[in-house]
Structure formats: structure tokens, C-alpha cells
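Worksheet: the structure to be examined is printed underneath.
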Amino acid sequence: MMKQGIFTVTESSPLTEKVSRLVLRGDVSAIERPGQFVQLRLDGLYLRRPFSVCDRAGDSFTILFEAAGKGTRLLRDEKPGAEIDVLTGLGNGFDLFACGDTPLLIGGGTGISPLYWLAKELIREGRRPTALLGFNTAADVFYEEDFRALGIETVVTTANGSRGVKGYVTDAMDRPHSGFYTCGPEDMIKAVCSRSDRPGQLSFDRRMGCGFGACMGCTVKTTNGLKRICKEGPVLDRKEVLWEN
Amino acid sequence: MGKLSVSLCGIELDNPVIPASGTFGYGYEFAELYDINCLGTFSFKGTTLQPRAGNRLPRIAEGNAGMLNAVGLQNPGVDAVIREELPKLARVFHKPVIANVSGFSVSEYAEVCRRLDGVPQVGWLEVNISCPNVHGGGMSFGTDPGAAAEVTAAVRRVTAKPVIVKLSPNVTDIAAIAKACEDAGADAVSLINTVMAMRIDLKTRRPVLANRTGGLSGPAVFPLALRMVWQVHEAVRIPIIGLGGVQSAEDVIEMMLAGATAVQVGAANLVKPFACRDIIQALPETMERYGIEKLSEITGGAHGWEKM
């Protein structure tokens with residue numbers, strides 16, 4: 001169940017030239033599952049901005065984001081001590097029991113964000129996930145060590161081969177796996193699905209109005225009827241996805 | 001009768017604050033957050049005869065002080081609303097509710113209203129002749145006084161419940177449309193629906209919204225809405241529900257001074273989910289600050305000062 005609260009920025013740090021990490025402290029009790037998201041209200045912007053939760057620990061949560069537009073640039077420039085109005089506990093989150101004992105966690109760019117906390121929770125459940133993290137170049141790589149520090153096999157791919165495996169994340173999927181969890185650009189998610197016939201949990205991103213199911217701004221068609229990405233998503237099972245959306 | 005109460009077509013509201021249709025779903029999402037019985041009432045998601053999946057995505061864009069939507073009347077259809085949504089709503093909301101109705105023909109409006117007329121939970125029918133986001137329906141009835149009157153009269157014939165006609169701001173003379181609705185038997189008018197608008201993505205050089213255009217709402221439209229409420233108040237005797245960019249107790253009072261009997265709150269619910277509760281809580285103190293003893297007495301209070 002969602003909550004609204006004022007959170008304090010406790011850490012703001014660049015991870016690469018484009019990607020930043022922000023840690024916010026406050027009432028995190030509504031953030032229940034990896035794959036859920038939060039909506040941040042930023043000065044001068046009318047609509048809130050959604051971000052996947054990268055981690056939740058103690059009384060704080062972490063988000064990773066690329067400064068790509070007005071909102072994310074504002075957020076990048078927030079300093080520790082800043083207060084932000086946040087809606088927490090949004091969306092369904094990943095199903096920890098849907099993808100077997102040896103799932104792949106497949107992320108592209110900032111899409112790796114929700115997979116980090118997911119990895120921690122899967123490990124806690126006794127599973128043995130492998131992380132496949134896709135980037136464009138070596139300079140774009142972030143959170144590789146953080147995933148490795150969880151004690152899981154972590155494979156980095158770069159499109160130009162400047163670090164790790166040369167190619168796309170899908171080029172690293174050729175290994176035994178019980179299923180997969182994936183988040184990133186939609187073309188990547190589609191390609192991931194075409195490379196595996198195992199169970200899959202896919203996290204989607206859509207332009208949203210409210211983020212909590214009231215405005216019907218992000219409804220997609222699925223084999224299980226209409227679903228609001230913000231409420232019945234953002235995670236959909238691969239079996240219910242209709243790609244024409 | 002409390003200081004905040006108003007009467008809307010013969011039904012008493014504890015206060016004039018009403019979440020607007022399409023920004024409050026069927027109430028449950030908000031009932032998780034606060035007891036929605038603090039509301040005057042609310043207007044549920046626009047309902048059509050058949051289920052509608054709505055428009056393609058993206059349906060949402062942003063402006064400097066507001067948002068654009070082109071949802072396209074997504075709803076499960078009137079029978080599913082009556083069978084599934086309203087019984088669920090009855091568990092969390094114990095007051096008469098406003099049923100918002102849309103259609104693509106005069107007979108569809110009338111049929112949806114006829115079916116909702118039999119539902120005791122429904123206190124009022126709000127006939128939306130102003131949706132800018134569907135083709136061949138909605139707004140096409142709200143931009144012509146004759147068509148507006150025709151829909152109003154057809155609905156009037158099938159229901160004993162108060163009929164509120166929701167008007168479009170995308171017209172030259174909204175007062176003339178309001179008058180036509182009044183003459184055709186409307187018990188009240190609500191205004192304004194969203195203002196037709198658009199955004200273009202500089203990178204793709206294409207409209208942001210898949211529907212190309214959408215309806216602008218939020219504080220950007222408040223002064224426009226207020227002016228139209230003012231004009232309609234000068235033209236009709238039936239009650240007016242004022243809406244468009246309302247986000248504070250001060251805005252509620254301003255709308256009422258312009259001529260509104262009750263006030264709807266739309267986009268604010270989407271960015272500040274506690275908006276309506278907070279506005280209601282702020283009303284007594286705000287009234288005191290402006291020397292208002294009873295809210296219902298200020299409706300239209302800004303009119304007629306030239307004659308004094």
C-alpha cells in the first residue's frame with residue numbers, strides 16, 4: 001500500500017558521466033518488494049517522476065538514474081540535506097518465485113537498477129542468480145562491483161568491447177538458466193525474450209500521470225486484459241505481454 | 001448543516017469539494033490513503049455503454065503548470081460499472097456519488113443514463129459533452145448549443161435524478177451552451193473540462209501524445225476556468241460546479257465567488273493524492289481568514305459589485 005512522505009537526501013554521487021546515485025532517508029515501510037518504484041515531486045515540475053528502487057536498507061532507499069531530461073538533471077544536482085516529497089510502495093514488483101533457482105538478471109543501462117535489490121532478495125531466498133549487465137562502453141559501466149560484492153557471478157557486456165564481453169547482454173545469455181528477470185530498453189527486453197524459452201519477469205517503463213492507478217494514463221493490453229503499468233505492473237510475466245503495445 | 005455544507009440540486013453535501021471524473025478512478029486507490037467519506041461527493045470515471053480500452057500510449061504529457069491527457073474514456077462499460085465497481089465502492093464510500101456519463105450518440109447517452117437511473121448509490125448524473133480525446137463523440141456535442149440541448153433533453157427524459165451537464169471550454173461562447181442546457185432541462189452545469197492542447201517532442205519532431213492532442217488541466221487553466229464560471233453564472237440560474245486547476249482552499253473560495261455552488265478538483269489528485277482531504281481540512285481556517293461564516297452564502301459573491 002502506497003505512502004506519501006518527505007525524504008531527506010543523504011547521499012548524491014555520480015557513478016559515470018551520465019548516471020547518478022541518490023540515497024533518500026525516510027519512512028520506507030511501504031517499499032515492500034524489488035521491482036517497485038517511487039514517484040518524486042521536483043520543484044518546478046508539475047508531474048511526479050517515477051524511479052525504480054535500486055535498494056532498500058534500514059531507513060533509506062537508493063535510486064540510480066541517467067540525467068537525460070529536466071527532471072533527472074534537477075535530481076542529479078540535489079545535495080545531501082535536501083528534502084523531497086516521495087510516494088513510495090508503487091507497483092507490483094518482481095515475483096521472487098517465478099523464475100526458478102538459477103535465474104539470469106538481465107539489465108541494460110539504468111535498467112540494472114531494480115535488479116540489484118532483486119539479487120539480494122533472491123540470494124536471501126537461497127537462489128543462485130547470475131547478473132548480466134549491458135552497457136555501451138567501458139566508461140558507461142556502473143554497479144559492476146556492487147553486484148560482484150553480493151557474491152554472484154556478474155557478467156558485463158559492452159557494445160564496443162571496451163570492457164567485458166563484446167556485444168549485447170543477449171550475447172551473454174548462452175548459459176544454463178531456470179528463468180530470467182529483465183529491465184532496460186524495450187528492444188532489449190524483446191531480444192532477451194527471443195533468446196530464452198524459460199519463465200521471464202519483465203519490468204516496463206511507460207509515461208505515467210499519477211503512478212498509482214488513478215488516471216489510466218499508462219494502460220496496456222495484455223493476455224490478462226488491460227493492465228496499468230503503474231499499478232498491475234511495472235513487472236509483467238512474459239506470457240501475458242502483447243508486443244503491439 | 002455545517003459551515004462548509006452546500007446543497008447541490010437538493011442533495012446536501014458536507015462540503016463543496018468533489019474529486020473530478022477521471023482523476024479518482026472508482027475511489028478505491030484513494031480509500032487506501034484516507035477516509036474518502038470526508039469528501040462532499042466524487043464523480044467517478046467516465047462511463048460509456050460499451051467497454052472502452054482507451055487511446056494508444058503515450059496518453060500523458062506535461063506543461064509548465066499542468067498536464068495533458070488523452071486517455072480516451074477507458075472504462076469497463078456501464079453494466080460492469082453497475083455490477084462490479086459500484087458494489088466495491090459502496091464498501092468504502094457511504095454518500096451518493098456522481099455518475100459521469102459519455103457517449104457517441106444521443107441515444108447512447110440516454111441509454112447509459114437510463115441504466116444508471118436505477119442505481120440508488122448514484123445521486124447525480126454528470127453528462128460529459130466535452131471530452132476532447134475521442135472522435136465522433138464527447139466534445140462534438142458540447143461545442144454546439146443545439147446538440148448540447150438535444151443530449152440534455154434526451155437524458156432528462158430517462159431519469160428522475162439531477163442532471164449535471166459537463167461543458168467544454170473549447171468554444172467561443174460557453175454561456176450560450178450553458179443556457180441551452182438549462183433550457184433543455186439540465187439541473188446544473190459543471191465546467192470546465194480540459195482545454196485542447198498539445199506538445200511536440202523536439203528530438204522526434206512528433207507530437208508527444210499518440211492521439212496528437214490532449215486535454216490540458218492543472219493550475220495553468222484555473223484563471224480560464226474561473227472566467228468561464230463567471231460568465232456562465234451571469235447567464236443561467238441553475239447551480240454551477242466549478243473546476244479547472246483548483247488546488248487549494250483559496251481556489252475553492254475563488255471559484256465559489258465567481259459563481260460555483262460546488263467545486264471539483266481534478267489533476268491535483270494525481271500529483272498530490274491527499275489534495276482533496278487537505279483542501280477540506282484547510283477550508284475552515286481559510287474561511288475565517290476571509291470573514292466567511294457560511295460557505296454556501298458566498299456563491300456568486302463577486303458579481304454585482306459594480307451596482308453597489
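Under the rule of -39500 (n - 2.57) per DSSP H run of 4 or more residues, summed and divided by the residues of chain A, what mean residue ellipticity at 222 nm is obtained, to the nearest 500 deg cm²/dmol? Spell out each step's value before the answer.
Numbers: 4 runs with 34 residues, N = 245.
One gets -4000 deg cm²/dmol as the mean residue ellipticity at 222 nm.
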Measuring from centroid to centroid over Cα atoms, what is the spacing of region B:264-300 and region B:177-201 in Å?
-> 22
Ordered by fewest other Cβ atoms within 10 Å, a rough proxy for footprinting exposure, A:Ser20, B:Ser21, A:Ser12, B:Ser217 read A:Ser12, A:Ser20, B:Ser21, B:Ser217
With +1 on each Lys and Arg Cβ and -1 on each Asp and Glu Cβ, and nothing else charged, work out how big the dipole of the protein assembly as shown is about its Cα centre, in Debye to the nearest 20.
-> 1020
Selected from A:Ala172, A:Thr62, A:Gly213, residue furthest toward positive end of dipole (chain A; charges at beta carbon) = A:Gly213
Calc'd 3J(HN,Hα), region B:3-17, phi into Karplus 6.51 cos²θ - 1.76 cosθ + 1.60 (θ = phi - 60°), Hz, glycine/Pro = x, comes to 5, 8, 6, 9, 10, 10, 6, x, 10, 6, 10, 4, 7, x, 8
Region B:36-167: C-alpha gyration tensor shape, a/c 1.5 cut-off, then a/b vs b/c = oblate
Putting +1 on Lys and Arg Cβ atoms and -1 on Asp and Glu Cβ atoms, find which of A:Asn136, B:Pro219, B:Pro19 reaches farthest to the positive end of the dipole of the protein assembly as shown.
-> A:Asn136
Using θ = phi - 60° and Karplus 6.51 cos²θ - 1.76 cosθ + 1.60, couplings along region A:187-197 (whole Hz; Gly, Pro as x) = 4, 5, 4, 4, 5, 4, 4, 6, 9, 9, 9
Which values of log₁₀ I(q)/I(0), to two decimal places, follow from the Debye formula for the protein assembly as shown at q = 0.07, 0.11, 0.12 Å⁻¹ with a uniform point scatterer at every Cα?
-> -0.44, -0.96, -1.10
Ranked by Cβ crowding within 10 angstrom, fewest neighbours first, how are B:His303, B:His94 ordered?
-> B:His94, B:His303
The answer for B:Glu126, listing residues at least 5 apart or on another chain whose modeled amide H is closer than 5 Å to its amide H, is B:Ala99, B:Asn100, B:Val101, B:Ile164
Along principal axes, largest first, the alpha-carbon spread of region A:62-221 in whole Å comes out as 43, 35, 30
Under the Karplus curve 6.51 cos²θ - 1.76 cosθ + 1.60, θ = phi - 60°, whole-Hz ³J(HN,Hα) for region B:101-107, x wherever Gly or Pro sits | 10, 10, x, 10, 8, 4, 5
Within a 10 angstrom radius of each residue's Cβ in B:53-65, how many Cβ atoms of other chains show up on average? Whole number is fine.
-> 5
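What ranking of B:Thr204, B:Thr47 emerges when the number of other C-beta atoms within 10 Å of each C-beta is taken as an exposure proxy, fewest first?
Arranged by neighbour count, lowest to highest, B:Thr204, B:Thr47 become B:Thr204, B:Thr47.
Each reported figure results from applying straightforward, stated rules to the coordinates on display, with no laboratory input. In this text the structure is predicted, and so the values were computed from the model without any measurement. Virtual Cβ from ideal backbone geometry, glycine too; neighbours counted across all protein chains shown.
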